[in-house]
Every structure is written in structure tokens, then in C-alpha cells.
Amino acid sequence: MGRPYLGEFEELVLLTVAVLEGGAYGVAIASELKKRTDRIISLSGVHIALYRLEEKGFVKSVLGGATNERGGRRKRLFNITALGKRTLDEMRDIRNELWTSIPKLSFS
Amino acid sequence: MTKQSGNILPPKWADKLLMTFLPEDLAEELQGDMHEQFEVQVEEMGLKKAQWLYAFEVLQFCRPYFLKRRLMGKTDDYPPVKIFSLIMISNYFKIARRHLFRHKTFSAINLLGLAVGLGVCMMIILYVQHEYNFDRFHRNVERIHWVRTKIRNGEDSLFMPRMSYATAPLMQRSNAFVESFVRVMKGERNTLIQKKDAPEQKFLEDKFMFADSNFFSFFSFKLLEGDPKYVLNEPFTMVLSEETAEKYFGSTANAMGKVLQYKGGTSFTVRGVAEKAPSNSSIEYDLIASLASVKSMEDKKGTVKSQIVETGPFTTYFLLRNPQDATKVEAGLLQLYRTGNPNGKNNKNFMAIPLSQTHLMSNYGGISTSKYLKIFPFVALLILLLSLTNYMNLSTARSFIRAKEIGIRKTIGASRNSITLQFYIESALYTIISFIAGYILCLVLQPVFFRLLNITIDKNFLFHPYVTASFAGLFFISVFLAGSYPSLLLSAYSPVVVLYGKINRRIADLSTRNFITVFQFSISVVLIICSLIIGKQLYFFKNSDTGIKHDNIISIPFTSSVAKHYNTFKRQVESLAGVQQVSTSQYSLYDGYDMFTTKTKNSQENTSLATITVDENYIPMLGLQWKSAPVNPQFYQTPNTIILNEAAIKKLNLKTSRSVYERIDINETPHEIAGVIKDFNYESLHDKIDGLCLIIRKDTASSWQQGGGCLLVKTKANTSTSELIGRMKTIYESYESSSPFKFYFMDDVVESMYKSEDRISKIFNGFTIVTIFIACLGLLGLSILSTEQRTKEIGIRKVLGASVFGVVSLLSKDFLKLVLIAIVIASPIAYYFMQEWLKDFPYRTAVNWWIFALAGFVSVLIALLTVSFQSVKAALANPVKSLKSE
């Protein structure tokens with residue numbers, strides 16, 4: 001495969017970045033994930049995933065302006081890149097294909 | 001509002017911790033996120049729980065990903081800077097070398113201080129390791145135990161280091177945990193040995209002993225010739241040490257099968273040659289004869305008679321199956337002792353001591369080893385600290401020279417870490433040089449040091465793994481410490497401040513530097529005071545009035561065979577020119593006494609008295625003073641008369657005035673007290689005067705036939721003693737041929753009693769000189785710097801009319817202040833330590849105020865001399881020179 005490896009948690013984070021559409025930063029992503037999954041999400045884990053995604057080119061980031069919140073500290077806002085979107089698409093396609101090729105689909 | 005928001009902040013310590021491992025470029029955003037989440041959590045579940053969660057979250061941030069990113073100093077904006085770049089490291093070496101050679105005096109001072117400190121440390125490490133590794137070269141050292149007996153006598157206890165012949169075999173037979181044993185019996189000092197085929201050559205041997213046949217398989221001494229299993233199997237065989245074999249027969253191979261004669265009688269065949277015992281062995285030997293010979297030797301056969309467990313002449317070692325069985329040995333011996341002596345007194349205990357500890361428990365040659373082992377590592381640590389702080393002090397003091405370099409390096413892109421590395425490499429380089437110099441110094445000085453301590457250390461002990469490991473440890477510790485402070489301090493310089501030229505010349509933290517100087521001088525002053533007090537105590541020992549006049553007295557021990565001709569012997573000595581008076585006693589002065597049990601008056605309690613049998617001349621010749629002189633001056637004509645000292649009178653609950661004609665039992669025989677003498681020190685001043693009883697015998701040959709005695713000869717002043725001794729030797733040798741003539745000057749004997757203090761005193765003087773030397777080097781370095789920095793100031797002052805004295809005092813004032821503070825700090829510390837040391841002595845010198853004053857004066861003088869070395873030069877310099885150059 002030509003594209004970099006994408007871990008399961010990284011995929012979740014990447015999807016959440018896409019969901020949050022421009023408003024994605026550490027805390028927002030973590031609380032979104034907490035809401036949607038039943039996992040214990042640690043901020044540090046989310047951040048490492050984000051930085052790794054950025055290194056791989058799936059997301060890009062920009063430092064937001066300083067506000068009065070959080071003691072005037074800036075946030076880093078993440079956006080999904082074209083490569084990231086394409087990778088998510090690809091992965092969904094592969095999954096769908098695989099799902100449909102399971103011989104007898106039973107939902108017992 | 002602000003107050004409220006202050007309340008809901010996450011715990012500060014957690015925040016601080018967070019900042020220590022977050023990469024700098026990410027810190028802001030991450031911390032922001034953390035705080036935001038915290039605020040949410042406070043609302044959701046309250047402050048307490050949120051704070052816990054926050055702390056927990058902080059810990060989770062401590063991950064390799066962030067740590068790596070932080071350490072690599074990786075940022076998004078710059079390419080990563082590698083700290084360990086080969087080019088930069090070679091550059092660091094180059095710069096370090098250039099600095100070393102550019103500032104030659106300064107570097108020399110710096111390196112010399114460190115080298116001396118390290119050298120002294122190495123010597124002490126060598127000594128301490130040598131002492132702690134005593135006897136550890138034996139294969140089974142953990143399982144070998146030595147047995148001694150403790151005999152309680154009232155309050156006192158007495159240790160007997162040797163057991164009877166039967167003890168060990170009885171023990172092995174009845175106890176399965178004893179695997180094997182070795183018995184060793186030492187021969188007398190000065191045992192006469194002759195070669196069978198060349199008897200005209202006489203050798204006197206001190207390290208002659210008899211040992212069981214398994215000696216060489218039990219211990220790990222190596223045999224050069226002969227089989228360890230068989231060398232000592234047969235009677236009348238013997239093993240020589242390598243040195244001894246060479247002394248007698250020229251070579252080890254030559255010695256095999258030769259015959260040596262013991263005390264002009266028994267012959268022994270040499271069956272083996274052993275390597276010399278290592279210097280850290282508590283068992284030393286020159287000649288080892290088989291124990292099987294003892295049974296058939298006229299003078300020794302009595303030693304093997306004992307059939308029961310008791311004390312005797314054999315040093316006994318057991319090899320146990322399990323090292324934990326030592327307590328079983330003690331119990332087993334006690335049980336066997338009781339079966340053997342059903343009526344014996346119940347005052348004995350047996351102790352099994354691991355071989356590795358026997359050395360530390362004994363007190364060889366008057367050195368209290370364990371005392372030194374406590375003091376020395378401490379001194380080593382102090383000296384190491386001293387030389388390291390000296391190094392740090394001098395290198396940071398020089399920092400303004402390096403400030404610009406650091407500024408430029410940082411502007412070009414050096415990170416703080418790389419500057420730290422640079423200075424570490426530099427310190428490492430300097431430390432390596434000093435370490436090598438220190439090692440050479442240690443090699444050169446160690447013979448002197450060990451001679452002072454009265455020990456020898458084998459050459460190859462220098463390469464003992466523990467010593468090598470300790471030296472390596474010392475090396476890494478010194479590199480680490482020497483580099484730490486300078487690199488931390490220098491790497492913190494901000495390039496803007498430094499390059500702007502605003503650097504304060506005294507940027508290198510003046511208070512730290514002053515602190516270090518005070519510290520160094522405090523240690524020096526403590527040691528000066530200690531040396532002075534130890535010296536004073538030594539002087540006190542040697543010169544205080546002990547109640548005995550021992551000047552011009554020569555003591556000559558004689559054997560029982562001389563005693564047979566005692567009357568003529570004595571008359572001949574008496575008639576020699578130069579002899580003033582002669583007296584005889586059972587033991588020489590300070591050489592020992594018997595302990596006899598007696599009972600106190602009225603209460604009839606058991607107590608013991610030191611007892612010496614002497615003749616009637618003893619008291620007047622030694623100048624002992626009467627407290628209550630005998631009524632009849634011819635008292636010694638009556639048998640069983642005794643003289644007591646005051647302490648004995650007190651001990652026996654008698655009254656001085658009414659004690660004469662009292663009768664007491666000595667050795668279960670009634671004796672009559674004829675008089676009382678004033679207390680005098682019949683032992684060294686280390687011991688308090690205890691009860692002493694002098695049994696006065698009429699001076700006849702029969703008194704000394706048992707075991708011989710000792711002739712005390714008082715010579716007239718201004719006689720040639722060497723000539724006199726020669727004549728006495730001729731007289732002595734006409735009565736005795738097997739035991740050599742020996743003589744001691746009483747003054748020398750007194751000197752030698754204080755050998756231990758003499759040694760401590762010399763060693764402390766040495767340490768004091770080393771610390772003063774290092775402290776002075778530091779001071780010298782600092783004064784060079786401060787005068788260099790103030791060259792212009794001095795120039796201007798001189799132009800304006802300052803005198804040389806004014807300038808010198810200006811430059812010295814600061815340093816003197818520090819030294820004065822050091823004296824104030826050091827005095828109570830030294831006072832405390834010396835009080836502790838003096839506590840052990842019953843007779844001690846006073847600690848006077850003038851000692852402290854003298855120490856203070858000396859240290860001020862030394863400091864002043866050191867500083868003036870530089871300040872006078874600066875003050876005399878022509879101001880034109882210093883002001884012209886810009």
C-alpha cells in the first residue's frame with residue numbers, strides 16, 4: 001500500500017476531525033469521542049494521534065487566536081486534508097467491499 | 001472575579017510537572033486544552049475530583065513521544081539540531097585545548113588542585129579497600145570461622161584467642177556441621193633456625209608456626225613447590241615461604257629436601273615452598289612446620305596434652321558446611337566445655353568469628369584499624385569535595401572570558417543542551433588530565449603513606465577489581481560533579497545580555513563563590529585545629545609526670561637459664577663503669593603484670609589487682625613516691641610482704657593510715673601490706689591507674705628462676721651507652737646461647753606506647769597540608785582573577801595617589817573577610833570533634849582558647865600570603881601600562 005499506515009484510534013480521531021469541520025481541537029475531539037464511544041479517552045492520547053496524523057499529512061493545523069478563555073492560551077485547530085479525506089474514503093470502500101463479500105450475512 | 005477564577009485553577013505542582021516534560025513548542029496549546037477540560041470537569045464532578053483527574057492526566061502526558069520531542073528540541077520552524085554532532089564535539093575539544101594552553105598559570109592551578117585531591121582520595125580508597133578485603137582471597141572465606149573465648153571476671157572480660165589441641169577434633173567428631181578444621185600454633189619470636197649443613201649461620205625467625213597438615217587445602221595460600229595435600233603430612237617436615245627459601249638456599253627449587261634445625265635441636269625437612277601470604281592476610285608465615293612433629297618435641301610436647309575443650313595455644317579455624325552455623329559452633333563448644341569441665345567456673349563463652357572480620361577485630365601493632373576506617377573515608381570525601389568545589393569555583397570565576405563565546409555560539413544556533421555538553425566535555429578533559437596526574441601522585445606517595453600507617457600493601461592490590469571499580473567510580477563522580485555547576489551556569493547565559501556587552505563582570509554568582517571559599521577555609525581551619533590538639537595531646541602523653549623517672553634506664557629481659565647464675569650476672573652488670581643502680585622485676589616496666597584475685601575488706605567481694613614481683617631497689621630507682629613508707633626499712637627481708645598503691649587501697653576499702661600490717665590474700669596466700677606508694681602510671685596513659693600490688697622479694701636468684709625476669713639498669717648521665725650495652729651483651733651471652741640478647745631504652749618504650757597517636761598526628765598533619773594547599777590554590781586563582789579584573793581600577797587609583805599598602809589592603813580585604821567567617825564556623829565544629837576524640841583518653845590535655853586563636857592566626861596568615869602574592873604585584877605595577885592598553 002502506498003499510503004501511510006492508519007491505526008484504529010487514529011482513524012477515529014481523523015473521522016472526528018472531519019465531523020467537527022474546522023472546530024476540531026484537542027478537547028473538542030476528546031469530548032466528541034467520549035460521547036460517541038464508550039471508551040476512556042485521554043487528552044494526551046488524542047494529541048499524540050493528532051500530531052502523528054499531521055506528520056503523515058492527513059490533517060493540517062493552524063494556531064487559533066488568543067481568547068480570554070483558558071488563560072489566554074491559544075488552541076491549535078485541525079482540519080482534514082484532501083489526502084486524509086481520500087484515505088478515509090478508500091478505507092470505507094475496502095470495508096464495504098469486504099462486508100458485502102461475507103457469504104451469508106446473518107444478524108442473529 | 002479574579003479570586004474566583006484563582007480558586008478553580010488546577011493544582012500548581014501538576015502544572016509545573018507538566019511543563020517539565022512537554023516540548024516547548026507544544027506547551028501552550030496542550031496546557032490550554034488541559035485547562036479547558038479541567039474547567040469542564042470542575043463543573044461536572046466538582047473541584048476535588050477534577051484536580052485528581054487533572055494530575056492523572058498530567059502523568060499520562062509523560063510519554064516517550066513528548067519526551068523525545070522535547071529532548072530533540074525539534075520544532076516545526078527549524079530543522080532538528082543534533083546535539084551529538086561529531087564536528088561540534090571535535091570543535092569542543094579544540095576550544096578546550098586552546099583555553100588550557102592560553103591561560104597556563106590558571107589551568108595549572110586548577111588542575112593541580114584537582115590532581116592533589118584525587119591522588120589523596122585514591123590513596124585512602126586503596127587503604128580502606130585493603131582493610132575491608134582482608135582475608136577475602138580465601139576460597140571458602142564465608143564458611144571459615146575463627147574461635148575465641150570470652151572470660152568474664154566481674155565487670156571485666158578477657159578474650160583468649162586460642163584453644164586447646166583437642167578442641168577442634170572433639171568439635172568435628174560431635175557436630176556434623178563442621179566440615180574440617182585447622183589448628184595453628186605460633187612459635188616464639190626470635191626462634192633460632194640454622195641450616196643443618198651450615199650451622200654457623202644463625203637466623204632468628206618471628207613468623208615460625210606449626211600447622212595441621214590440611215593448612216594449604218583449607219586456606220587458599222598457593223604452593224610453588226610441593227603438593228598441598230601432602231606437604232605437611234609427616235612429622236618433621238616444613239614449608240617455607242618463597243622469601244625465606246631464597247634467604248636460606250638461594251632459590252625455591254634448591255630448598256626442597258633440605259634440612260633446617262629448630263632451636264639447635266629438632267631437624268625439619270623442607271617439603272614445599274609457598275608463595276608469600278598476600279598483604280591483606282591476617283595469617284602470616286615464613287616457616288610452617290607440621291603439627292604432627294609437636295608430639296615428639298621436648299619443648300612443645302606439653303601443648304598437646306589437653307584432652308578437653310578449653311583455652312590453649314592453638315589458633316583454631318573451622319570450615320563450616322553452612323556459614324549460618326556459627327551460632328551452633330558457639331553452643332557446641334560451650335556444651336563440650338561443660339562436659340569436659342564439670343566443675344569449671346561458669347564464666348566462659350565461645351565466639352565464632354568469620355575469618356573476614358578477624359582483622360578488623362584485632363588491634364595489630366597499636367593501630368586501631370576500625371577507628372581509622374571510620375575517619376578516613378570521611379576525610380577522603382572532604383578532600384574530594386574540596387578539590388571539586390575548587391575546580392568549579394575557578395572555572396566559573398573565569399566565566400566572563402567565555403561569556404562572549406557562549407553568546408556567539410547561541411546566536412549561531414547552539415541550544416542550551418549543546419553548550420552544557422561542551423562544558424561537560426571540557427571538564428571531562430581536565431578531569432582526565434588531573435586524574436592521571438593524581439594516579440601518578442598516588443603511586444609515588446603511597447609508600448610514604450602506608451609506612452606512616454605501618455602497613456604494607458602488595459603491588460598487585462592496586463589492580464584488585466574492587467580498587468579498580470572504586471577508582472572508576474571516583475572518576476565518573478568527579479567528571480560528573482566537576483562539570484555540573486560550570487556547565488549549568490554558563491549554558492544559562494542569555495546571548496542578548498552577553499553580546500550587548502552588559503555582562504556584569506561578577507556575573508558568576510559572587511555569593512556561591514564566596515560560599516565555596518568559606519567552605520574550603522572552614523575545612524582547612526578545622527583540620528588545623530585538629531592537628532594542633534592531636535599534637536598537644538601527644539606532647540602531653542610524652543611529657544606529663546607519670547610518677548616514674550624513666551630516663552637513663554635500660555631494660556634487659558633475661559631467661560631462666562641466665563637466672564640460674566643471677567647473682568653473678570647482676571654483680572657483673574652492677575660493677576660495669578657507668579652503671580648507677582640495678583633493679584630486677586618480673587616484667588619490664590610497661591610490659592605487663594599478673595592479675596590476681598583478692599577480696600575486699602569487710603564486704604569480702606571478689607576483685608582483682610595487677611601484680612608485679614620486684615626487688616627492693618625497684619621503688620627508689622624508679623623514683624616512686626611513698627604515701628605511707630614502711631616502718632621497718634628492711635621490710636623486704638620478711639617473706640610475703642607487699643606494697644600497694646593508693647588505687648588498690650581504695651579498691652580494697654582500706655584506709656591509707658591504717659593499712660600497714662593489714663593482711664590480704666594474694667593468689668590465696670596471705671600477704672602483709674608493708675607500705676603504700678603514691679599512684680603512678682604503670683601502664684601507658686591510655687589506661688587509668690588501677691589497683692597495683694608490688695610483691696617485694698629479697699633479691700636472690702631463686703626469685704627469678706621461674707620464667708626469668710628483667711634487669712632494669714640505671715646508667716649515670718653522660719655515659720656512652722653503646723659501649724655499655726656491648727659489655728652487657730658479652731656478660732649475658734656467657735650465660736645464655738640459645739636466646740639472643742635484647743635491650744630496650746625506657747625512653748624509647750615510652751615513645752612507642754604512643755605510636756598510634758604519633759601516627760594519627762602525622763597523618764592529620766599531612767591531610768591538613770593537603771587541604772590548606774588546595775584551599776590556597778583556590779584563593780590564589782580567585783585573587784589572580786580579581787586583580788586582573790580590577791587592573792584599570794588599580795591604575796586609576798594609583799594615578800590619583802593611592803599607596804601600595806592601600807591597594808594591597810583593598811585587594812586582600814574581601815578575602816580576609818571570608819577567612820574570618822570560616823574561622824568562626826570551623827572552631828565549634830573542630831571543638832566538637834576533638835572533644836569526642838579526647839573522650840577516649842582518661843588523661844587528656846586541655847583544649848585552650850589559644851589553640852583556636854593560633855589556628856585562626858595561621859589561616860589568616862596563609863590566606864594573606866597567598867593573596868598578597870598577587871595583590872602586591874598588581875599594586876606595584878606601573879599604572880601607565882594598565883591604563884594605556886585599550
For the stretch B:255-325: lysine pairs with Cα atoms under 24 Å, gap of 8 or more or different chains, count? 9
Once the in-chain neighbours fewer than 8 apart are removed, the lysines whose Cα is under 29 Å from B:Lys839 read B:Lys150, B:Lys371, B:Lys374, B:Lys536, B:Lys542, B:Lys549, B:Lys650, B:Lys651, B:Lys678, B:Lys688, B:Lys755, B:Lys762
How far is the Cα center of the stretch B:145-179 from the Cα center of the stretch B:123-138, in Å? 27 Å
Residue-span extension gain [B:Ile432 to B:Glu188] - 0.36 nm each, minus C-alpha spacing: 82.7 nm
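Based on the Cβ-Cβ distance from B:Glu243 to B:Gln580, what FRET efficiency comes out when R0 is 51 Å, to the nearest 0.05?
The formula returns an efficiency of 0.70 here.
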What is the spin-label model distance, in nm, from B:Leu59 to B:Thr638 if the labels are put 7 Å beyond Cα along the C-beta direction? 9.1 nm
Divide by every residue of chain B the summed helix terms, -39500 (n - 2.57) for each DSSP H run of at least 4, and state the resulting mean residue ellipticity at 222 nm, rounded to the nearest 500 deg cm²/dmol. -17000 deg cm²/dmol
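Would you please report the Å³ per residue occupied by the convex hull of the alpha carbon atoms in chain B?
Hull volume normalised by residue count: 303 Å³.
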Relative contact order as a percentage, chain B, C-alpha pairs under 8 Å and 6+ apart, gives 13 percent
Here FRET efficiency (C-beta to C-beta, B:Ser544 to B:Phe101, R₀ 35 Å, nearest 0.05) is 0.05
Residues with amide H under 5 Å of B:Gln581's amide H, sequence separation 5 or more or different chain, H placed in the peptide plane at 1.01 Å from N; which? B:Lys714
Taking Cα atoms only, helix B:804-839 is inclined relative to the longest principal axis of chain B by an angle, in degrees rounded to 10, of 40 degrees
Near the amide H of A:Val59, under 5 Å away, which other amide H atoms are found, from residues 5 or more places off or on another chain, if H is placed in the peptide plane? A:Glu54, A:Thr81
Residues B:Thr327 and B:Thr456, FRET efficiency given R0 of 41 Å [Cβ-Cβ distance, rounded to 0.05]: 0.70
Taking the protein assembly as shown, the equivalent ellipsoid from its C-alpha gyration tensor has semi-axes in Å, biggest first, of 78, 42, 30
What spacing in nm lies between the two simple spin-label points modelled at B:Ala853 and A:Ser31, each 7 Å away from Cα in the Cβ direction? 8.0 nm
Any idea what diffusion coefficient the stretch B:278-406 gets from Stokes-Einstein, in µm²/s, Kirkwood Rh on alpha carbon pairs, 37 °C, 0.692 mPa s? 158 µm²/s
Normalised convex hull volume, the stretch A:8-100, alpha-carbon set, Å³ per residue: 103 Å³
For the stretch B:570-617 and the stretch B:303-342, what is the separation of their Cα centres, given in Å? 36 Å
Distant-in-sequence amide H partners of B:His565 (H built 1.01 Å from N, under 5 Å): none
Determine the gain in length on full extension of the stretch A:Glu11-A:Ser101; use 0.36 nm per residue of separation and subtract their C-alpha separation, reporting nm with one decimal. 30.1 nm
In cubic angstrom per residue, the convex hull of the stretch B:82-213 built on its Cα atoms measures 416 Å³
What number in nm² do you get for the stretch B:660-707 if you take the convex hull of its Cα atoms and divide its surface by four? 4.9 nm²
Reachable lysines, given that their alpha-carbon falls under 19 Å from the alpha-carbon of B:Lys873 and they are not under 8 places away in the same chain: B:Lys104, B:Lys792, B:Lys798, B:Lys813, B:Lys881, B:Lys884
For chain B, longest principal axis from Cα atoms; helix B:849-876 axis from its Cα atoms; angle between them, nearest 10 degrees, is 40 degrees
How much length is gained if the chain between B:Glu723 and B:Ile89 is pulled fully straight, taking 0.36 nm per residue apart and subtracting their Cα-Cα distance, in nm to one decimal? 220.8 nm
When N is the residue count of the stretch B:692-740, what does its C-alpha Rg come to as a fraction of 2.2 N^0.38 Å? 1.46
Nearest 10 degrees is fine. How inclined is helix B:755-789 to the longest principal axis of chain B, computing both from alpha carbons? 20 degrees
Counting only backbone N atoms under 20 Å from a point 7 Å out along Cα-to-Cβ of B:Lys884, the residues of the stretch B:791-812 in range are B:791-801
Could you state the principal axis extents of the C-alpha atoms in the stretch B:560-738, from the largest down, to the nearest angstrom? 54, 35, 32
Computed over the stretch B:514-631, the Cα gyration tensor eigenvalues, each multiplied by 5 and square-rooted, give semi-axes in Å (largest first) of 44, 25, 15
Once you place label points 7 Å from the Cα toward the Cβ at B:Leu820 and B:Trp52, how far apart are they in nm? 6.0 nm
If all Cα-Cα distances of the stretch B:169-315 are sorted into 10 Å bins from 0 onward, what percent lands in each bin, rounded to whole numbers? 11, 43, 34, 10, 2, 0
In whole Å, how far is the Cα centre of the stretch B:656-718 from that of the stretch B:739-777? 32 Å
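Read the figures in this text as sums done on the coordinates, not as results from a lab. Quick caveat: nothing in here was measured; it's all calculated off a predicted structure. A quick note on method: Cβ atoms are made from the backbone with ideal geometry, for glycine too, and the neighbour counts reach across all protein chains shown.
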